[in-house]
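Colleague: Take this structure first; my questions come after.
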Amino acid sequence: MVVEEPGRPLAARELPDPVAASGEILIRVHACGVCRTDLHIADGELPPHKHPVVPGHQVVGVVDEPASSGRFKSGDRVGVAWLAFACGACRYCLEGHENLCERALFTGYDRDGGYAELLTADERFCYPIPDSFPDLSAAPLLCGGLIGFRAWRMCGAAERIGLYGFGSAAHIVLQVARHAGQGTCVFVRTGDHAAERFALERGADWAGDSLKPAPEPLDAAIVFADAGELVPAALRAVRPGGTVVCAGIHMSDIPAFPYSILWGERVLRSVANLTRQDGLDFLELAPSIPVETSIETHPLTDANLELDRLRAGSVQGSAVLARLSVDNSDVRAVEAVF
Ligand SMILES: [Zn+2]
Ligand SMILES: [Zn+2]
């Protein structure tokens, strides 16, 4: 499924099988999570990098053809996430911030991604998938989980945390926060009672309207939704010294707000991309919680339907595209999750 013209639906295309270059592995895709970033790429809200491009950066599959250097062997289950390459030589890479690399490449944006049956990836930027996660349940860990986890770590030592927007990343981060003993408040779109119920079912201490005050002052908040008006709302909700982290790659303009809501040493910051260490740390933590992803799954050819559902705010938890024929073990995995 290809972005040929941003702003138009993805097109189903037969492409030549990709060929793994030196240091790369060829991966047979079993599942690919749908992320809001895919929507921003498909809709042209992010400037095109590769054109046309196969989107998708939460890929779970098996190694079809391993690289000659041999980090993985044929049949190994691997994940591919958003960071597809970092140079290792620029100031950011040398400082341990490869997420900010000047020459970084991203899966499904600079390189073809996982809305496909096959993709190639630099083996140094692939992750072993923990055995306890079936393919479909593992896919949302690779962006919702990893970048959500990075944003959560940026909140520091918080006793009570707010999550603005309750989609794929937030429903995973909620579990991480609860595991860490934090109180959790979830803020959803005005009138979205289904999302409120979903958050409470998943263990949030409180769920309510994102533009209303928090029930108690928060130590930190993460804004997952792409609505700029949530930034001043979150700043109003955090206590002096608290942190607001914006976790998305794109957001509508943030309205002007009075300095008084930033005053008091509140911190407003963004999180960009991820490092491989974030990925390794989160994939080690996730089975020990254990994180449970709520997923809805559709065949790859229904990618446009799934993007429409995400755009409309209709997805509860994570949306995952499966390869055309979903085998029985995967179907059982889906039933177990629900
Ligand atoms: Zn670099
Ligand atoms: Zn993503």
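The values are calculated or read from the model by the stated rules, or taken from the named source; none is laboratory data. What you see is a predicted model; the values in this text were computed from it and never measured. Using ideal geometry, Cβ is built from the backbone for each residue, glycine included, and neighbour counts are taken over all protein chains shown. Heavy atoms of the whole protein, side chains included, go into the accessibility calculation; ligands, DNA and RNA do not. Shrake-Rupley method; radii C 1.70, N 1.55, O 1.52, S 1.80 Å.
Colleague: Compute, for the chain, the length of the dipole vector about the Cα centre, with Cβ point charges of +1 (Lys, Arg) and -1 (Asp, Glu) only. Units Debye, rounded to 20. Mind showing how you got there, number by number?
Modeller: Working: 29 positive and 44 negative charges, 156 e Å.
Roughly 760 debye for the chain.
Colleague: Still on this structure, please answer the following. Quick one: divide the alpha-carbon radius of gyration of the chain by 2.2 N^0.38 Å and tell me what you get.
Modeller: In units of the 2.2 N^0.38 Å rule of thumb, it is 0.96.
Colleague: With each run of n ≥ 4 DSSP H residues scored as -39500 (n - 2.57), what mean residue ellipticity at 222 nm is computed for the chain after dividing by its residue count and rounding to the nearest 500 deg cm²/dmol?
Modeller: Details: 10 runs with 87 residues, N = 338.
For the chain, the value works out to -7000 deg cm²/dmol.
Colleague: How large is the direction-averaged shadow of the alpha-carbon convex hull of the range 48-103, in nm²?
Modeller: Over every viewing direction, the Cα hull of the range 48-103 projects on average to 5.3 nm².
Colleague: So which trypsin sites (Lys or Arg not before Pro) in the range 67-148 end up in coil per DSSP with only 10 or fewer other C-beta atoms within 10 Å?
Modeller: Lys73
Colleague: Note the per residue figure in Å³ for the convex hull of the C-alpha positions in the range 146-270. Show your work: numbers first, answer last.
Modeller: On the way: hull volume 11.3 nm³, N = 125.
Cα convex hull per residue, to the nearest whole number: 90 Å³.
Colleague: Next question. Residues with beta-carbon under 14 Å from that of Arg160, excluding Arg160: net charge, scoring Lys, Arg +1 and Asp, Glu -1?
Modeller: Combined, the nearby Lys, Arg, Asp and Glu give -2.
Colleague: With N set to the number of residues, divide the alpha-carbon radius of gyration of the range 1-131 by 2.2 N^0.38 Å and report two decimals.
Modeller: Cα Rg divided by the expected 2.2 N^0.38 Å: 1.04.
Colleague: Using a 10 angstrom cutoff on alpha carbons, build the Gaussian network for the chain and name the most mobile of Ala237, Ala81, Ala139.
Modeller: Ala237
Colleague: So for Thr184, Thr297, Thr190, what's the accessible-area order with a 1.4 Å probe, most first?
Modeller: From most exposed to least exposed: Thr190, Thr297, Thr184.
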